[in-house]
Amino acid sequence: MGVSFVRVYKANCNKLFLDNMVNENLVKDVVKEPYKYGFVTDIETEKIAKGLNEDIIRLISQKKEEPEYLLDFRLKAFKKWQKMDEPDWAGLGYKQIDYQDIIYYSAPKQKEKIASLDEVDPKLLETFDKLGIPLTEQKKLTNVAVDAVFDSVSIATTFREELAEHGVIFCSISEAVKNHSDLVEKYLGTVVPASDNYFAALNSAVFSDGSFVYIPKGVSCPMDLSSYFRINSGDSGQFERTLIIAEESSSVSYLEGCTAPMFDTNTLHAAVVELIALDDASIKYSTVQNWYAGDEEGVGGIFNFVTKRGKCLGKRSKISWSQVETGSAITWKYPSCLLLGEESVGEFYSVALTNNLQQADTGTKMIHIGPKTKSTIVSKGISAGNSINSYRGLVKMGKKATGSRNYSQCDSMLIGDQASANTFPYIKSQQPNSEIEHEASTCRISEDQLFYLQSRGIEFEEAVSMMVSGFCRDVFNQLPMEFAAEADKLLALKLEGSVG
Amino acid sequence: MKIIEKIKTNKLAKNQTEIQKICLHKLQSSPLPNPKSELWRLSNKSKFSSFLDYSVSEKDLKSDLPYPKNSQNIIRLVIGENYKINLKEENYSIQQLNEDKLDKFIKEQISCFDQNENWCNLLNLSLSCKNNILGLKINGSKIPPIEIFSHASNNSLNAKTLVIFLEKNCNIELLQVNLGKENSSLSQSTFFFLEENSSLNHGVVSYGENGSNLLNSLNVIQQKNSEYNLGSLHFKFNYARFEINIKQSEGNAKTNIKGMQITKKDEQISTYTKIDFNGPNGFLDQINKSLADDKSHAIFEGSIKVPKIAQKTDASQLSRNLLLSNLAQIDTKPQLEIIADDVKCKHGATISQLNEEELFYMRTRGITLAEASKLQLSSYFQEIISFIPVSKDRWNLLDKLLNEN
């Protein structure tokens, strides 16, 4: 039969598991790790009044000196947003968000225009230094260009000149609006329209900053680009917008990282990311998300409601999403690919780790529209504590997607008997000449493997860490070098604990 | 939607039983399921309303049931034919459930019904009159196979209910046949209660004629060490919906399900399964196959819930789908919700067309395209059909599927 590729993974579970409570607790202990990015930077900020209305939107637009079309875009989005209902289908339990109690614009006070990095407030530089983000160009070792976003505005973008030599534009979206208005006008909102969903509409109305990347025809970006998002104030939401355009035969690898201080209130982060790949272009978008997740009782933490979508517009174009999700009280995120171009490729590699009372509802949508399009989904979920970790994905083969293929694999690992792991794959096909395969499995830390490693002198903690790392290997292999190391460290950190 | 109007105005039946009253009361506030809920989202609205567009018929026209000629010792029952059942043999007994017990059981079930999840059952129980509810209590061993028919007559909606208690250590083979006549709607609800150590090999074969509709809801409660095997086949319905709710009430039970739905023309057939493990050591092996041709639409949604108490559950679910036409559609959504950590759970889903390499192989050996695809289809069907009890010798299902249009 045409469906001979079914491989249903046998869960790596152990039938002979001895109910060893000591070990059970040990495993629970090692996934506890205090959040080390929880500090607040004491810096004078400029904030506007709380609340959301047309005047606020006009004020944001005015502060950013935006052209008319963008204000129009914002106001239209706001009107749409007012008519929309907050979605509840994910079954996420959270207190209702009071949208009038959020500050929609908050920026660290600094001189109007900064000529060089030396003029950036040293406190800010120090903050990013503490976070391990090299903003000063002396630290060129990493060969990564960084755009650092602090609350609502972009602080600095490094390596600009070098990038400019290759024609690559890498700047904050506010700058792009000023200097590359034609590109922004042409592409903004074409992948994620303002009316797409509740949070995308909100973002379209109030987005403050974010990154803009333009890779011209035939250019392979000489270095990895990276943006780093930091929420500093407790009462302001972060609504950044990222737009990446890869022209014909170009390629780029983009990295995104994020942290926030510890507050006992919930902060809303509703970002929109749009990627556009033309003929033969390729975009690799990697995220390590480590927003503050709230404390053990679930107090505080970021609500991470993000819309990320890429459009493979051109023939043989490729968009690859890889993400490591460890933070946020609630993550609600489905990086997706619209595969329009013939033979275009979409990829999604994800590791999501939840602990305590965290909730993650994440996955992807692969919409096959053009013929011979291909997509791969690999999702690994690890749930510990009382957390809920769900994979929710959609694979759709449209009528014209002849000869298209999809392969999805979702594995979950449960640590402790209080956490839950759910899988909700939606699969829809209207094209007989296409193939879809999906497989999912659930398992726990295998006692056999643990025993094997321990009997060879590897400490318990290290053994668990090794096993989790092995479980995620398929995804880590897809991350860029800088991130792979960071992701491994991050998971190890989360797994590092009080085991003596 | 004649039926809904009547439910709203409470003009459905004259001599309502208490159960009908309770269910009607539950339906009156919102008589239709929420079309936005996951369970009803994909349901074709006009087809669904065509189900509700007939008036209820309580009397059955004696119809010509297809009784395959066979002298085998088989117990054959038709729901709606009013007879007293009291079979007592040396090894076994099959008796009608007494009314009190039947009422009590159904009321218990209704008390935990949800408007969307159990809408089909609520409708069925509000419509089905006393005559159309068959309650049986079965015990013993070496019981001859049982065949139970439900059918809808032309231009009307019939509601039939079947309740079976399988007592301890009892095992039976039971084939349920649901027949839809031209332009008719059949609402069939079935409740099984499997006591400890009992085992049931259950077959469901449902097929209709032009313009027939079916809402088939199957509810199974399994006590420990019971085994429930289901082989099901649905085809030739304008609109059919098959709901399976299985609850392993204390775990330690075995469930095997092999189901298939075949859609052609502009038909829509959907299967929704919900398996609850309410105790440890449960076992589930499920495979659901769909085949969609012409402009038809086949839907499968399966949910497996493994709460904390259900440690050491071993559950697998596989959805295999064949899409044979450019205009047909397949939706499938197998889902897992797991809290217990010491479990083996997996699911898989595939959608594709007939394997071209296999076709090519056969054609190079002189087999025509039509014959070759028939061979492929028969192997696809066979896995399910061979799992349907009783039918093997009496109902030539494979032939029906391959040769009927």
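Could you count how many residues in the range A:455-484 are at pLDDT 80 or above and touching a Phe, Trp or Tyr at 6+ places or on another chain (Cβ under 6 Å)?
So the count comes out to 2.
Restricted to the range A:198-219, and to residues that are buried (at least 17 other Cβ atoms within 10 Å of the Cβ) and assigned to a loop (DSSP other than H, G, I, E, B), which residue is nearest to the chain's Cα centre (by Cα)? Give the steps one after another, and end with the answer.
So the first thing to find is which residues in the range A:198-219 are buried (at least 17 other Cβ atoms within 10 Å of the Cβ), and the list is A:198-215, A:219.
Among the residues that remain, those that are also assigned to a loop (DSSP other than H, G, I, E, B) are: A:207-210, A:219.
Numbers: A:Phe207: 17, A:Ser208: 18, A:Asp209: 16, A:Gly210: 13, A:Val219: 25 Å.
Only one residue tops the list, namely A:Gly210.
Take the residues in the range A:405-438 that are more than 18 Å from A:Gly346 (Cβ to Cβ) and charged (D, E, K, R); name whichever of them is surrounded by the most Cβ atoms within 10 Å (Cβ to Cβ).
In this case the residue turns out to be A:Asp411.
Which fully enclosed strands (runs of 3 or more DSSP E) of the range B:258-373 have 3 or more residues being within 11 Å of another protein chain (Cβ to nearest Cβ)? Break it down stepwise before answering.
Values: elements: B:268-277, B:283-292, B:297-306, B:314-323, B:329-338, B:344-352.
In the range B:258-373, the matching strands (runs of 3 or more DSSP E) lie at B:283-292, B:297-306, B:314-323, B:329-338, B:344-352.
Report yes if some residue within the range A:13-26 is within 28 Å of the chain's Cα centre (by Cα) and either at pLDDT 70 or above or farther than 30 Å from B:Leu377 by Cα (or both); otherwise report no. Spell out the reasoning first.
Kept after step one, since they are within 28 Å of the chain's Cα centre (by Cα), are these residues of the range A:13-26: none.
Scanning the range A:13-26 turns up no residue that is within 28 Å of the chain's Cα centre (by Cα) and either at pLDDT 70 or above or farther than 30 Å from B:Leu377 by Cα (or both).
Is it the case that some residue within the range A:230-245 is within 23 Å of A:Leu52 (Cα to Cα), modelled with pLDDT of 90 or more and touching a helix residue (DSSP H, G or I) at 6+ places or on another chain (Cβ under 9 Å)?
First, pick out the residues of the range A:230-245 that are within 23 Å of A:Leu52 (Cα to Cα): A:230-242.
Applying the additional criterion that residues be modelled with pLDDT of 90 or more yields A:241-242.
Narrowing the set further to residues that are touching a helix residue (DSSP H, G or I) at 6+ places or on another chain (Cβ under 9 Å) leaves A:241-242.
Checked the range A:230-245: at least one residue is within 23 Å of A:Leu52 (Cα to Cα), modelled with pLDDT of 90 or more and touching a helix residue (DSSP H, G or I) at 6+ places or on another chain (Cβ under 9 Å).
Filter the range A:455-472 down to the residues that are small (Gly, Ala, Ser) and not in a loop (DSSP other than H, G, I, E, B) and list them by number.
So the first thing to find is which residues in the range A:455-472 are small (Gly, Ala, Ser), and the list is A:455, A:457, A:463, A:465, A:469-470.
Scanning the range A:455-472 gives A:Ser455, A:Ala463, A:Ser465, A:Ser469, A:Gly470.
From B:Ala315, B:Ala298, B:Ala292, grab the single residue that is crowded, with 24+ Cβ neighbours inside 10 Å, within 19 Å of B:Glu227 (Cβ to Cβ) and small (Gly, Ala, Ser). Spell out how you get there, then give the answer.
On the way: B:Ala298 fails: within 19 Å of B:Glu227 (Cβ to Cβ); B:Ala292 fails: within 19 Å of B:Glu227 (Cβ to Cβ).
Only one candidate passes the filter, namely B:Ala315.
Would you pick out the residues in the range B:370-386 that are exposed (fewer than 12 other Cβ atoms within 10 Å of the Cβ) and either closer than 10 Å to B:Leu354 by Cβ or in contact with a Phe, Trp or Tyr (Cβ under 6 Å, 6 or more places away or on another chain) (or both)?
none
Assess whether A:Phe471 counts as being within 11 Å of chain B (Cβ to nearest Cβ), under 30 Å from A:Thr373 (Cα atoms) and within 26 Å of the chain's Cα centre (by Cα). Spell out how you get there, then give the answer.
Details: within 11 Å of chain B (Cβ to nearest Cβ): no; under 30 Å from A:Thr373 (Cα atoms): yes; within 26 Å of the chain's Cα centre (by Cα): yes.
Considered against the rule, which asks whether it is within 11 Å of chain B (Cβ to nearest Cβ), under 30 Å from A:Thr373 (Cα atoms) and within 26 Å of the chain's Cα centre (by Cα), A:Phe471 comes out as no.
Taking the criterion of being part of a strand (DSSP E or B), of a type in the set (Val, Ile, Thr) and out of contact with any Gly (no Cβ under 9 Å at 6 or more places or on another chain), would at least one residue in the range A:359-374 satisfy it? Step through it out loud before you land on a result.
Step one: filter the range A:359-374 for residues part of a strand (DSSP E or B), giving A:359-362, A:365-368, A:374.
Pick out the ones that are also of a type in the set (Val, Ile, Thr) and you get A:362, A:367.
Retained after the next criterion (residues that are out of contact with any Gly (no Cβ under 9 Å at 6 or more places or on another chain)): none.
No, the range A:359-374 contains no residue that is part of a strand (DSSP E or B), of a type in the set (Val, Ile, Thr) and out of contact with any Gly (no Cβ under 9 Å at 6 or more places or on another chain).
Give the number of residues within the range B:28-52 that are crowded, with 18+ Cβ neighbours inside 10 Å and either more than 22 Å from the chain's Cα centre (by Cα) or without any contact (Cβ under 8 Å) to a residue 12 or more places away in the chain (or both).
So the count comes out to 1.
With respect to B:Gln376, determine if the residue is in a helix (DSSP H, G or I) and at the interface with another protein chain (Cβ under 7 Å from one of its Cβ atoms). Even if it seems obvious, please write down each step before you answer.
Numbers: in a helix (DSSP H, G or I): yes; at the interface with another protein chain (Cβ under 7 Å from one of its Cβ atoms): yes.
So B:Gln376 fits the description; yes.
Considering the range A:231-265 alone, what residues qualify as being touching a Gly at 6+ places or on another chain (Cβ under 9 Å) and charged (D, E, K, R)?
Once the filter is applied, which keeps residues that are touching a Gly at 6+ places or on another chain (Cβ under 9 Å) and charged (D, E, K, R), the range A:231-265 yields A:Glu240, A:Arg241, A:Glu247, A:Glu248, A:Asp264.
Exactly one of (1) surrounded by fewer than 18 Cβ atoms within 10 Å (Cβ to Cβ); (2) under 19 Å from B:Ser206 (Cβ atoms); (3) modelled with pLDDT of 95 or more is unmet by B:Gln286. Its number?
(1)
Checking the condition crowded, with 22+ Cβ neighbours inside 10 Å and farther than 30 Å from B:Asn252 by Cα, which residue from B:Ser156, B:Ser184, B:Ser189 passes? Even if it seems obvious, please write down each step before you answer.
Numbers: B:Ser156 fails: crowded, with 22+ Cβ neighbours inside 10 Å; B:Ser189 fails: farther than 30 Å from B:Asn252 by Cα.
Every option except B:Ser184 fails the conditions.
The values are calculated or read from the model by the stated rules, or taken from the named source; none is laboratory data. Bear in mind the structure is a predicted one, so any value in this text is a computation, not a measurement. Counting neighbours? That spans all protein chains shown, and the Cβs are built from the backbone with ideal geometry, glycine included.
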